[in-house]
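The values are calculated or read from the model by the stated rules, or taken from the named source; none is laboratory data. Fair warning: this is a prediction, and the values are worked out from it, not measured in the lab. Note that we place each Cβ from the backbone using ideal geometry, even for glycine, and neighbour counts take in every protein chain shown. Accessible surface is based on the protein model in full, side chains and every heavy atom, while ligands, DNA and RNA are left aside. Shrake-Rupley method; radii C 1.70, N 1.55, O 1.52, S 1.80 Å.
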Amino acid sequence: MSLMDYSEYGNLLQRISRSIEIGNISHAYVLEGDSCIDKVAFAREIAKAILCREMPGKGCDTCVNCRKIDHDNYEDIYYVEADDRSLKNVVITELQEKLKNRPAAGDRNIAIISDADLMTDRAQNRLLKTLEEPNPGTVIFLLSENTENLLPTILSRCIVYRLGNYVTGRDAPGLEVPKQVFQMILDGAYFFEIRDYLSKKVKDRKDAFVFLDGMERLYREYLIMDGPCPIREEKIVEGVNFVEEARRDLQANVKYTYAIRNLILKIGG
C-alpha cells in the first residue's frame, strides 16, 4: 500500500504528494479525523512518501525504507499514544529526548503522536518548544479527533489537514460493532442482549469513543440514503443527540460502561 491508494482524499492527496516531491516538507502536521479513520496508517504512508528512495512523494512499497516502515521497524520513526485518559508531559519529554538523537537510517526523525488532542496543557507547552525549534530533519505528525483541544500556539506552527468523513474498507473495523448494534435494535433485541454483546466489544474508553463515532456515522448514512429508510428522520436526529450526550458523559469522566448502556436504553435497546 502507498500514499496514492488514498485516492478518496483527492486534491488533499495531490497537495501532500507534490509538496514532498519538491522538498517542501513541514516540520509538523496535524491530521484531523474521527476515530473511524485510521490516522496512524495515513501518517505512516506520508512518512513512506517522505523517506522512499525510489518514488519520493508517493512511496514504492519495495525499497528498504518502505519495507521497514510497513513492518514497523524503521529505526527513526517514534510512535506515541495516550493512556486511558490523557497524553502526559513525561511522554512528550521522553519523545523529545529521542528526537534529539541523530537519525540512524537517513536524515530524518519522524514522530507520530496519536491522541494529540488528549495532551495535557503542560504536555502541549512542552511540545511547543520542539515545534518552535525542531532539530533539522524532524517531522512530527499530531493525530487528532478535535483540534479545538489543541492550543492555538500548537496549531499555528503546524500544517493542518482535515481528513473529512470518508471511510474506506481499511476503516471497516470501526463500524463493525455499531452496525451490529443497529441491526440488533432493528430486529427488536432486548437490552440485555445488546449489553452483553457490547461488553465483549467495547472494553475501555477508547473503544467507547470509536463506538460513538461509528454510531453517529451510521445515523448520518441513514439520513442521506436513497430509498426507504428503516428509521424515521426525527428518530435519527434524536439518536444523534443521544450519541452526543454519551460523548459528553465520557469527556466528563463518567464510567464508559454506564455512558454506553444509557445510550442504548435511550435509542431503543
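Tabulated data for the structure shown
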{"item": "Filtered trypsin sites (Lys or Arg not before Pro), segment 9-78: DSSP coil and at most 14 other beta carbons within 10 Å", "result": "Arg53"}
{"item": "Angle between the chain longest axis and helix 191-201 axis [Cα atoms, degrees, rounded to 10]", "result": "20"}
{"item": "Stretch in the chain that is longest and holds no chymotrypsin sites (Phe, Trp or Tyr not before Pro) that DSSP places in a loop and that have at most 13 other beta carbons within 10 Å", "result": "1-165"}
{"item": "Unit charges on C-beta of K, R, D, E only; dipole of the chain, Debye", "result": "480"}
{"item": "Sequence-separation-based contact order of the chain, relative, with Cα cut under 8 Å and 6+ spacing, percent", "result": "20"}
{"item": "Degrees separating the helix 173-186 axis from the principal Cα axis of the chain, which is the longest one", "result": "10"}
{"item": "Accessible carbon and sulfur surface of the chain relative to its total accessible area, %, 1.4 Å", "result": "47"}
{"item": "Cα long-axis angle, helix 205-224 against the chain (0 to 90 degrees, to the nearest 10)", "result": "70"}
{"item": "Where the chain is the region considered: accessible area per residue in Å², 1.4 Å probe", "result": "51"}
{"item": "Asn253/Glu54 FRET efficiency (R0 45 Å; Cβ-Cβ; nearest 0.05)", "result": "0.40"}
{"item": "Amide proton proximity set for Met119, modelled H, under 5 Å, gap of 5+", "result": "Leu87"}
{"item": "Cα-Cα over 31 Å, subset of Lys201/Lys235; Lys100/Lys255; Lys68/Lys255; Lys88/Lys179; Lys129/Lys255", "result": "Lys100/Lys255; Lys68/Lys255; Lys88/Lys179; Lys129/Lys255"}
{"item": "Value at 222 nm in deg cm²/dmol, rounded to 500, when DSSP H runs of n ≥ 4 in the chain each add -39,500 (n - 2.57)", "result": "-15500 deg cm²/dmol"}
{"item": "Positive minus negative residues near Leu223 (Lys, Arg vs Asp, Glu; Cβ under 14 Å)", "result": "-2"}
{"item": "Point-charge dipole on Cβ atoms (K/R +1, D/E -1) for segment 60-212, about Cα centre, debye to 20", "result": "200"}
{"item": "Local electrostatic count, Gln183, Cβ distance below 14 Å [Lys/Arg +1, Asp/Glu -1]", "result": "-2"}
{"item": "Summed residue charge, Cβ within 14 Å of Arg157's Cβ, Lys/Arg positive, Asp/Glu negative", "result": "0"}
